[in-house]
Amino acid sequence: MRLSSLREWARRVWGALSRRRTDHDLQRELAGHLALAEDELRQKGHAPGEAARLARAGAGGRIQALEALRDQRGLPWLDSSWLDLKLGLRLLVRNWGLTLVGGLAMTVAIGIAAVVFAAFDMVLWSPLPLDEGDRVVAIQVWDREAGRRRDTTWQDLERWRASLQTVGDIGAFQAIQRNVITPDGSVELATVAEISPAGFRVARVSPMIGRPIADADASSGAAAVVVIGHDVWQRRFAGARDVIGRELRLGKNVHTVIGVMPDGFQFPLNFRYWVPLQPAAAGILRNTGPEGAVFGRLAPGATLARAHAEVSALGILPAFSSAEGEGTRALSSAPREGGRVVPYTFAFTGDFESGELGLLWSLSSLLLVLLLLPPCANIAILNYARTVTRQQEFAARHALGGSRARIVWQLFVEALVLTAAAAGVALLLLRVVSVVVEGRLQNIPGGPPFWMTFGVSYRTLLFVAVLALAGAAMSGLVPALQATGRLARLGAGALAGRTSMRLGATWTTLVIAQVAFSVGVLPLATQLAWGTLRTGIIGPGFAAEEFATARVALEGEPSVLFGNRQRELTRRLLADPGIVGVAAALRPPGEEPWVFVDIEGLTVPELFNGRPPGFQARFNQVDTAFFDLYQVPGIGGRQFTEGDTAAEGSVAESGAVIVNRNFAETIAPGGNALGHRFRYVNAERSEWPHGPEADRWYEVVGVVGNLPVTTEARVAYHAAAPGQIQPAHLQLRLRGDSTGLAERLREVVSSVDPTLHVDEVRTLAQIYREHRFGDNLGAITIGALTGSVLLLSAAGLYALMAFTVAQRRREIGIRSALGAQPGHLVAAVFRRAFLQIGAGSAVGLLAAYFVGRYVPIEQIGGLPIPGILPGAVVFMLLVGVLASMGPARRGLRIDPTEALRSE
Amino acid sequence: MPNKEPSKAEVLRGTLDLMVLQTLAALGPQHGYAIGARLGQVSSGALTLNMGTLYPGLMRLEQQGLIKAEWGVTDNNRQARFYAITTAGRRRLAADKKAWDQMVSVMHTLFEDPA
């Protein structure tokens, strides 16, 4: 295309938008033309009247010329679309009912899709904000068979460093926890990066003061040094310029500050303290994500594919396999494991093959678009009903030469106005959610990686725009095509007002589908929402603010010392006047890990996706003081004794287990569960190093009441001696409120041992609030989605019913003129409505039955509500009656002579 | 639009631009009526452009940046929009003229040499 043509189009777009040459200006020029022609003709001797007539004849039609100029000035379709847009807006205001109902449902659907998309976008596509951040990579060990990342040996790291040509500055980091202790005694638990000196070269960021970690700092025997972040420098050293050389105590070691990183620097994840990573000849480096990773930077000219090929070809050493399920590390040739190179940020997204993530992303985007289907189908029905009432308008336009495409385009633009408005509100919602989520993310210990920001990216904007277009296509185009399909055939008949539109089988099917969907899905969604919101509404059921928990661990690997420390800590805490009782558990109540159990002699009921591996349950490890602390009554059997806990540091433990009432009810409904046995299936031993063993039979020796917070779950308790669980969650019963508890705890803990860490100090009330945030968000989402679909279903049903009855008005009128009983006529109207709703309800009930049978409503967090299914049917019937009533009454009021005359 | 003779505008689309540019290059700034009159004159009345053809054509050339326009007053004191050729217009004129000459020469040879 020539440059001048481009310029012409640009000016035409500009002309369409700006109206730079007004109609007045164009008319003035044409009038000038005629005047000049007239002047000339007069000069040639024509009389003034004659001259004017000849001038007009020679110049052609002025109106046509003006039209041609207007078309050339802008873009004709843009101009007409602008008109459609204005018309669409006017219709939105006029049909405010449709706008409100349809807009709400569309906003909910687009909003949910946008939030999910934005979350994906944050995790997958947030760029690494470093110089040439896209060239920073992670080198991982990938277990192809298990589809999992594995840890890396130090030897492999050394080999990669020595031999890779395509990746330079290879290093690693390991996240460790350290108590940061200042001379005034204040203690703060911080996550510290043990990092190779190469890390600072990879990031290409220099300290603002001092120097980064050098190779010499990482050699064994070197003095302990630390590089600190900007905010640590401000907070702990008041921004002193002479900070270099000052001391900072991390756990038991005193480190010398050698550098301060600039504000915002948190590489490799979200750190504010960096210490050298010491070589450990036989060591294993964590390399599976936030806990640690091997990184490097692509060499100049190298590509990710080449780097990956080189690392794959190099292979990994026949190394210490870290396969799960084994207590000891076995030497294996491990041919199934190999090296791989991935973009750095990819290393923190989970166990995915590099192609999988893109596929997953595409699939979920597609699914998110499908989320629009229910609201769109309903809006389509409403649009269709409205379109049919505008039949005369379209017929007139068609008769005047408006093409079908033109009319369909107009209806599409009208629908687009609604979906675009909904998309706008959805984006506002997304903005609100992003602010809330950002706030929440900051409160998470450690926080998200520094490159992830939850916000509205251009990809999200684009996605929302696509959603708006897709929504308009689904809700506007389909009914438009159907409604205008008969235009040509209707012709003058439509103009005369004799429309013969009928709702065919498609729409009858739609009514039935509407009702079926509402009856089938509504109860499930309501129960789910109730299950999650119940705790929030009626509270956890006990004085949760009187209980607090704190996670305690000893620096480094689990150690036998921990038992002594824990006993000493318990003794000192009990001496605190603000603390009434102390117990220890693997997890606080309500946060126990989920597992599957195989109960001897019982078969698990089959679910929709096959038979689950076992009954779902939770387990916890608790000390002998636990049940007393929470005042859980014993129902049967015995309590734990010292004999149930194994010798300190030993993995072996007794097979005695105490279960809660729910668990006992599952084992022996209404009977005695004592003496029954169960075992864990699929227990991930690696995740719970001191947890219960897989495939070992445990015997129920006692039954206790349900803890108020875990009323819905089956819980199995195992006995644990001090030191056996590490890290342990201390359970504290408080006297008075919890103000200053965290500081007091830290002081007591560091006075016992400076390498003892304490974090996650929360009251149980806080824990439940945190849980509720996520639960409530989920429940609100489900509620909003269901509510909007229901509202739409009711509106759609109403529109359809009203429409069908309205269609039969004439028939009703004629029959009434011929002497039919009003009662019979009304019955005829309702019979059809009830038939459709009845058919829909039957399908819906069938669906609900199967859903209820194969979806474990309680296991996915729902609570059964009695009578909800009939309730849903009654609700839909009510909607049908309401929808038919008005039109039926109108039909009866028709003057029979009128009805006959119009025929 | 089936079964309809091509309009004058369509026939002229390719050549009208060239004629207008040439007129403006030769005579200097002119208003629309004068351009139309000039084309009628040189074609001995064979080419009479109505307003619906002439003015959209002028607007198109203006949008392409080949001519520019401003309001002025004619000799007999009438308000009119005066069009003048731009540098880009002169370049386009030269190029199109060359192409036109080549085409004429090809057609000439074709018609003169029936074998």
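Residue by residue, here is whether (1) buried (at least 17 other Cβ atoms within 10 Å of the Cβ); (2) part of a loop (DSSP other than H, G, I, E, B); (3) β-branched (Val, Ile, Thr); (4) on the phi > 0 side of the Ramachandran plot holds:
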{"position": "A:Asp217", "(1), (2), (3), (4)": "yes, no, no, no"}
{"position": "A:Ser220", "(1), (2), (3), (4)": "no, yes, no, no"}
{"position": "A:Val232", "(1), (2), (3), (4)": "yes, no, yes, no"}
{"position": "A:Gly259", "(1), (2), (3), (4)": "yes, no, no, no"}
{"position": "A:Pro262", "(1), (2), (3), (4)": "no, yes, no, no"}
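A count restricted to the stretch A:835-862 and to residues that are touching a Ser or Thr at 6+ places or on another chain (Cβ under 9 Å) and at pLDDT below 80 stands at 2. Of all the numbered requirements in (1) touching a residue at least 60 places away in the same chain (Cβ under 8 Å); (2) over 25 Å from A:Asn253 (Cα atoms), A:Gly740 misses one, and that requirement is (1). Take the residues in the stretch B:62-81 that are touching a helix residue (DSSP H, G or I) at 6+ places or on another chain (Cβ under 9 Å) and more than 7 Å from chain A (Cβ to nearest Cβ); name whichever of them is nearest to B:Leu18 (Cα to Cα). Among those that are touching a helix residue (DSSP H, G or I) at 6+ places or on another chain (Cβ under 9 Å) and more than 7 Å from chain A (Cβ to nearest Cβ), it is B:Ile67. From the list B:Ala95, B:Ala84, B:Ala26, the lone residue that is modelled with pLDDT of 90 or more, within 13 Å of chain A (Cβ to nearest Cβ) and not in a loop (DSSP other than H, G, I, E, B) is B:Ala95.
Within the stretch A:453-471, if we keep just the residues that are surrounded by 19 or more Cβ atoms within 10 Å (Cβ to Cβ) and not small (Gly, Ala, Ser), the residue that is nearest to A:Pro268 (Cα to Cα) turns out to be A:Phe454.
Looking across the stretch A:500-522 at every residue that is of a type in the set (A, V, I, L, M) and surrounded by fewer than 20 Cβ atoms within 10 Å (Cβ to Cβ), the one that is modelled with the lowest pLDDT is identified as A:Met501. Summed over the stretch A:242-257, the residues that are under 11 Å from A:Ile228 (Cα atoms) and assigned to a helix (DSSP H, G or I) give a count of 1.
Listed by first and then second residue, the pairs with beta-carbon distance under 9 Å, at least 6 apart or on different chains, first residue in the stretch A:85-101 and under 14 Å from A:Thr419 (Cβ atoms), second exposed (fewer than 14 other Cβ atoms within 10 Å of the Cβ), are A:Thr99/A:Val93. For the stretch A:173-191, the criterion of being touching a Ser or Thr at 6+ places or on another chain (Cβ under 9 Å), at pLDDT 90 or above and assigned to a strand (DSSP E or B) is met by at least one residue.
Counting residues in the stretch A:110-127 that are assigned to a loop (DSSP other than H, G, I, E, B), modelled with pLDDT of 85 or more and touching a strand residue (DSSP E or B) at 6+ places or on another chain (Cβ under 9 Å) gives zero.
When we screen A:Leu317, A:Leu360 for residues that are at pLDDT below 80, aliphatic (A, V, I, L, M) and closer than 15 Å to A:Trp142 by Cα, the only hit is A:Leu317.
Among the conditions (1) under 30 Å from A:Trp77 (Cα atoms); (2) facing chain B (nearest Cβ under 10 Å), the only one that A:Gln27 does not satisfy is (2). In the stretch A:271-303, which residue that is in contact with a strand residue (DSSP E or B) (Cβ under 8 Å, 6 or more places away or on another chain) and of a type in the set (S, T, N, Q) is surrounded by the most Cβ atoms within 10 Å (Cβ to Cβ)? That would be A:Asn287.
Select from the stretch A:36-49 the residues that are facing another protein chain (nearest Cβ under 8 Å) and either charged (D, E, K, R) or surrounded by fewer than 18 Cβ atoms within 10 Å (Cβ to Cβ) (or both) and list them in ascending order. Let's see the steps before the verdict.
Narrowing the stretch A:36-49 to residues facing another protein chain (nearest Cβ under 8 Å): A:36-37, A:39-40.
Residues satisfying the conditions are A:Asp39, A:Glu40.
Does any residue of the stretch A:452-461 turn out to be within 30 Å of A:Pro479 (Cα to Cα) and not charged (D, E, K, R)? Yes, the conditions are met somewhere in the stretch A:452-461. Mind listing just one residue for me: the one in the stretch B:36-61 that is more than 17 Å from A:Gln64 (Cβ to Cβ) and at the interface with another protein chain (Cβ under 10 Å from one of its Cβ atoms) and, of those, modelled with the lowest pLDDT? Going through the qualifying residues, I end up with B:Gly40.
It is to be established whether one or more residues within the stretch A:55-74 are in a helix (DSSP H, G or I), surrounded by 14 or more Cβ atoms within 10 Å (Cβ to Cβ), free of Cβ contacts under 8 Å to residues at least 12 places away in the same chain and more than 9 Å from every other protein chain (Cβ to nearest Cβ). Checked the stretch A:55-74: no residue is in a helix (DSSP H, G or I), surrounded by 14 or more Cβ atoms within 10 Å (Cβ to Cβ), free of Cβ contacts under 8 Å to residues at least 12 places away in the same chain and more than 9 Å from every other protein chain (Cβ to nearest Cβ).
Can you find a residue that is over 45 Å from the mean Cα position of the chain (by Cα) and among the aliphatic types (A, V, I, L, M) anywhere in the stretch A:78-99? Break it down into steps so the answer makes sense when it comes.
Let us first name the residues in the stretch A:78-99 that are over 45 Å from the mean Cα position of the chain (by Cα), namely none.
For the stretch A:78-99, residues over 45 Å from the mean Cα position of the chain (by Cα) and among the aliphatic types (A, V, I, L, M): absent.
Please go through the stretch A:645-678 and give me each residue that is modelled with pLDDT of 85 or more and not hydrophobic (A, V, I, L, M, F, W, C), ordered by number. Hits for the stretch A:645-678 are A:Asn660, A:Arg661, A:Asn662, A:Glu665, A:Thr666, A:Asn672, A:Gly675, A:His676, A:Arg677.
Could you tell me which residue of the stretch A:720-740 is nearest to the chain's Cα centre (by Cα), considering only residues that are under 19 Å from A:Leu561 (Cβ atoms) and outside any strand (DSSP E or B)? Once the filter is applied, the top-ranked residue is A:Pro727. No other residue among A:Leu83, A:Leu100, A:Leu17 is more than 10 Å from every other protein chain (Cβ to nearest Cβ), closer than 30 Å to A:Leu792 by Cα, modelled with pLDDT under 80 and out of contact with any Lys or Arg (no Cβ under 7 Å at 6 or more places or on another chain) apart from A:Leu83.
The values are calculated or read from the model by the stated rules, or taken from the named source; none is laboratory data. If you're wondering where the values come from, they're calculated on a predicted model, not measured in any experiment. Because the Cβ atoms are built from the backbone with ideal geometry, glycine has one as well, and the counts that use them run over all protein chains shown.
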